[in-house]
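These notes are about the structure you will find just below.
The values are calculated or read from the model by the stated rules, or taken from the named source; none is laboratory data. Predicted model, so just to flag it, every value in this text is computed and none were measured. FYI the Cβ positions are ideal-geometry reconstructions off the backbone, even for glycines, and counts take in every protein chain you see. What goes into the accessible areas is simple: the full protein's heavy atoms, side chains included, and nothing from ligands, DNA or RNA. Shrake-Rupley method; radii C 1.70, N 1.55, O 1.52, S 1.80 Å.
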Amino acid sequence: MMSGAEIVLQALKDQGVEVIFGYPGGAVLPLYDALFQQNAIRHILVRHEQAAVHAAEGYARSTGKVGVVLVTSGPGATNAVTGLVDALMDSIPVICLTGQVPTHLIGNDAFQEADTTGITRPATKHNYLVKDINKLAGVVHEAFYVAKAGRPGPVVIDLPKDILIGKGPYTEAPQTPHRSYRPQTEPDPAAIRQAVRLLKQAKRPVVYTGGGVINSGPEASRLLTEFVRMTGFPCTNTLMGLGAYPSSDPQFLGMLGMHGTYEANLAMHGCDVMLNIGARFDDRVTGRLNAFAPQSKKIHADIDPSSINKNVAVDVAIVGDAGRVLQALIEAWRADATPQDKPALTEWWRTIDGWRAKDCLRYRQEGSIIKPQHAIRRLYEITRESGRETFITTEVGQHQMWAAQYFGFEKPNHWMTSGGLGTMGYGLPAAMGVQIGHPDALVIDIAGEASILMNIQEMGTLAQYRLPVKIFILNNEYMGMVRQWQELLHGGRYSESYSAALPDFVKLAESFHATGLRAKTVDDLDRVIREMLAIDGPVIADIAVDKEENCFPMIPSGAAHNEMILGPDQEGGVAGVTDEGKVLV
Amino acid sequence: MPDSSETTLRNATIAVLVENEAGILARVVGLFSGRGYNIESLTVAPVDEERRLSRITIVTSGTDMVIEQIKAQLDRLVPVHKVADLTLEGPHLAREMMLIKVVGTGEQRMEALRLADAFRARVVDATTGSLVFEMTGSGDKLDAFIALMQPLGLKEVSRTGVVAIARGAGSLQA
């Protein structure tokens with residue numbers, strides 16, 4: 001017999017857990033006491049529970065393991081909710097252990113009581129309230145299975161204090177399949193053959209992949225690259241999918257969607273066969289649905305059947321794991337003797353190269369004011385020269401889109417950003433988690449001056465654990481994306497989007513035992529980046545950038561892919577955005 | 001032009017076999033409210049004590065695409081074993097039960113009893129001034145009976161919602 005707290009820790013160890021991100025409190029004291037008495041699992045003390053979840057997400061996304069969070073009852077659990085929804089939207093496997101008041105007090109409005117399973121039901125893939133210590137070990141093992149299996153996601157285990165203190169038996173992870181949850185990972189061969197038949201005959205094909213390829217593991221990215229090269233097709237990635245296909249490859253069209261490249265979006269609009277693997281036709285990607293890829297046959301492979309035919313009706317549905325689907329596609333492509341329409345494909349590439357020639361990401365760095373695009377471009381080039389393994393996290397807003405556009409990713413799992421939920425304050429704690437998983441790597445949080453303040457308290461965590469995370473702030477003194485929309489869609493009325501009363505980020509860094517650097521003009525930029533990389537400790541680099549730069553290209557809300565705006569000088573601009581479009585986020 | 005699967009509404013009676021555990025109904029109901037789906041009727045009860053299974057019957061409406069979504073969303077809930085679209089998968093039986101209270105005397109009371117007889121409603125409680133009928137049937141039949149009782153002293157109605165099962169030898173297995 002073991003105590004509930006010991007059972008939890010034993011189950012975590014058996015699941016291969018090495019680190020927990022957490023914050024103590026009354027209801028979880030027994031677990032913290034058990035943690036104190038062992039050395040197998042390391043605990044990272046964050047400064048806010050939301051950050052614990054983002055750190056676990058960063059850890060999970062960069063290592064492929066499950067991230068684990070431990071928080072107390074009531075406010076500990078409610079503070080974690082934003083992180084849980086973030087992990088749900090981006091399909092990140094996270095286990096969140098929450099303390100709870102003892103079972104006999106549940107429902108009595110006890111001190112620090114919250115209905116955690118009620119609150120987190122729509123915020124998680126699944127959740128548990130453990131009321132019987134005999135089931136505790138089984139629940140923890142099952143939670144890991146649920147977090148990882150099928151489309152991954154966050155799982156909450158709510159642990160009343162009497163359960164943590166009480167004695168019960170430990171059981172190992174069961175070898176039998178789950179009673180009810182057994183997601184399909186192997187694709188149906190008939191659907192694969194049907195897909196290959198369409199792809200072989202394609203005249204204007206495009207491969208569009210998302211986070212599902214990343215979540216499947218690095219092998220899926222390798223298979224994607226193999227498949228795209230053997231077919232000669234163009235490939236575009238979603239924001240969540242960046243790194244699955246090497247950005248330097250000539251067959252890569254860049255990111256697609258609202259701030260995607262001209263060539264990626266027009267290839268989507270003009271294609272005759274679309275192969276979507278592990279992406280979900282998100283509204284950021286499709287633009288106006290009734291004008292989305294109007295002449296195309298669509299093939300959609302996803303591990304989550306509910307993602308298929310949700311927003312966009314498709315012609316071929318393939319349920320399965322992205323890696324297994326790619327393997328099957330490669331085999332079926334080889335087995336199918338139908339010749340490709342090479343002349344049509346050559347013609348298609350000629351059209352695409354015409355779009356590419358627009359050079360939609362070009363910007364003009366003139367004068368001394370730093371263009372934010374230039375800052376990212378130089379950060380990318382200088383880190384690449386350094387040859388160090390580099391992980392990038394971001395906050396949310398313009399800087400995030402610029403990072404996606406101007407920082408190239410050659411490998412999966414090196415790019416961590418809040419895609420679905422769009423959580424400002426994600427990047428710094430996520431970078432902590434990445435750094436814990438990769439102690440020797442270069443981890444950079446590309447941030448905005450507004451977002452970074454949302455979880456700035458985590459500077460304390462960086463200091464405590466000597467995590468050498470670099471925070472690269474593109475400081476334009478505005479909530480830039482809000483300002484951009486206000487400029488383009490709300491008559492330039494900049495309602496509450498100015499970042500007034502900002503801290504001195506250099507002094508702020510110093511007060512948290514970190515180094516603060518500042519670049520005011522373009523002449524400072526390279527020096528500051530190099531200095532930042534050379535420092536063996538946490539750094540905030542405050543980069544003063546052009547305050548009114550907008551993020552382009554842009555598909556205005558409610559517009560179609562072929563109605564995108566390339567830049568500020570484009571005739572018409574966003575004048576054509578309808579009221580219907582303005583309703584959209 | 002959107003095809004009919006995206007515009008035409010249809011009804012669906014969906015049977016769901018689930019683990020009989022705390023919170024499962026909240027998960028299902030939360031799914032419908034959170035994603036804006038209709039619930040026209042919902043019933044739930046344990047059907048297999050030994051294997052801890054409950055059966056939920058949901059009557060909903062939507063386009064084909066929405067109903068496919070509803071089924072896929074239900075199916076990916078962890079404690080859900082099986083989802084069946086009884087409307088789509090062939091002929092099925094759907095029944096509802098109702099208890100209905102009518103208060104009145106004299107000719108009104110006699111008329112209520114005559115109609116109940118015609119509808120095969122059973123008297124399950126009677127006082128000198130009131131009657132409670134128990135009635136089973138399709139929703140339409142229950143609606144018709146309620147309408148007839150309206151002028152005869154109808155006081156209160158309690159309905160179970162729809163339970164349904166496929167005709168023939170096939171069965172829904174966990």
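Here are the numbers:
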quantity: Heavy-atom accessible area ranking, 1.4 Å probe, most first, across A:292, A:512; calculated: A:512, A:292
quantity: Efficiency of FRET between residue A:493 and residue A:381 - r from beta-carbon atoms, R0 51 angstrom, step 0.05; calculated: 0.85
quantity: Minimum 30 Å² accessible area buried by the other protein chains, the range A:283-318 residues, probe 1.4 Å, relative to alone; calculated: A:306, A:309, A:310, A:313
quantity: Simple Cβ-charge dipole of the range A:267-377, Lys/Arg +1 and Asp/Glu -1, about Cα centre, in debye nearest 20; calculated: 520 debye
quantity: Size of charge dipole - the range A:200-307 - debye, nearest 20, with Cβ of Lys, Arg +1 and Asp, Glu -1, no other charges; calculated: 320 debye
quantity: Threshold 30 Å², the range A:154-194 residues less accessible with all protein chains present than alone (1.4 Å probe); calculated: A:179, A:180, A:181
quantity: Size descriptor, Kirkwood hydrodynamic radius, that averages inverse alpha-carbon separations across chain B, Å; calculated: 18.1 Å
quantity: Dipole magnitude of the range A:75-219 about its Cα centre (Cβ charges: Lys, Arg +1; Asp, Glu -1), debye to nearest 20; calculated: 900 debye
quantity: Protein accessible area in chain B, 1.4 Å probe - carbon and sulfur %; calculated: 53 percent
quantity: Rounded accessible area of residue A:165 (nearest 10 Å², 1.4 Å probe); calculated: 100 Å²
quantity: Span-rule helices in chain A, defined as complete DSSP H runs reaching 18 Å or more along the axis (Cα) with Kyte mean at least 1.6; calculated: none
quantity: Cα convex hull of the range A:1-158 - mean projected area over all directions, nm²; calculated: 8.3 nm²
quantity: Kyte-Doolittle at least 0.0, axis length at least 18 Å by Cα - qualifying DSSP helices, chain B; calculated: none
quantity: Under 5 Å, built H, 5+ apart or other chain: amide partners of residue B:53; calculated: B:20, B:47, B:48
quantity: Dipole of the range A:205-348 [Lys/Arg +1, Asp/Glu -1 at C-beta], most positive-end residue of A:271, A:253, A:294; calculated: A:294
quantity: Inter-centroid distance (Cα atoms) of the range A:70-128 relative to the range A:316-338, Å; calculated: 40 Å
quantity: Residues in the range B:70-116 occluded by at least 40 Å² - accessible area, probe radius 1.4 Å, against chain by itself; calculated: B:76, B:78, B:81
quantity: Fraction of the pair-distance distribution of the range A:373-463 above 21 Å, Cα-Cα pairs, percent; calculated: 26 percent
quantity: Cα-derived Rg to Rh of the range A:78-167, Kirkwood definition; calculated: 0.98
quantity: DSSP beta bridge pairing in the protein assembly as shown, given as percent antiparallel to the nearest 5; calculated: 40 percent
quantity: Count, lysine Cα pairs under 20 Å in chain B, 8 or more residues apart or across chains; calculated: 4
quantity: Solvent-accessible surface (1.4 angstrom probe) belonging to residue A:324, in square angstrom, nearest 10; calculated: 100 Å²
quantity: For chain A, fraction of C-alpha pairs farther apart than 37 Å, in %; calculated: 35 percent
quantity: Gap separating the Cα centres of the range B:115-174 and the range A:458-485, nearest whole Å; calculated: 65 Å
quantity: Area accessible to solvent at residue A:393, 1.4 Å probe radius, in Å²; calculated: 0 Å²
quantity: Å² per residue, accessible surface of the protein assembly as shown at 1.4 Å; calculated: 41 Å²
quantity: For residue A:545, residues with placed amide H under 5 Å, excluding near neighbours; calculated: A:475, A:476
quantity: Loop-resident sites, the range B:6-100, for GluC sites (Glu not before Pro), counting at most 16 other Cβ within 10 Å (DSSP); calculated: B:21, B:40, B:49, B:50, B:89
quantity: Chain pair A, B: total accessible area buried, heavy atoms, 1.4 Å probe, Å²; calculated: 1500 Å²
quantity: Candidate residues A:347, A:142: accessible-area rank, largest first, probe 1.4 Å; calculated: A:347, A:142
quantity: Carbon + sulfur, % of accessible area of chain A - ligands and nucleic acids excluded, 1.4 Å; calculated: 51 percent
quantity: Heavy-atom accessible area order for A:98, B:105, largest first, 1.4 Å probe; calculated: B:105, A:98
quantity: Counting all C-alpha pairs of the range A:275-401, share separated by more than 17 Å (%); calculated: 76 percent
quantity: DSSP-defined antiparallel bridges as percent of all bridges, the range A:454-585, nearest 5; calculated: 15 percent
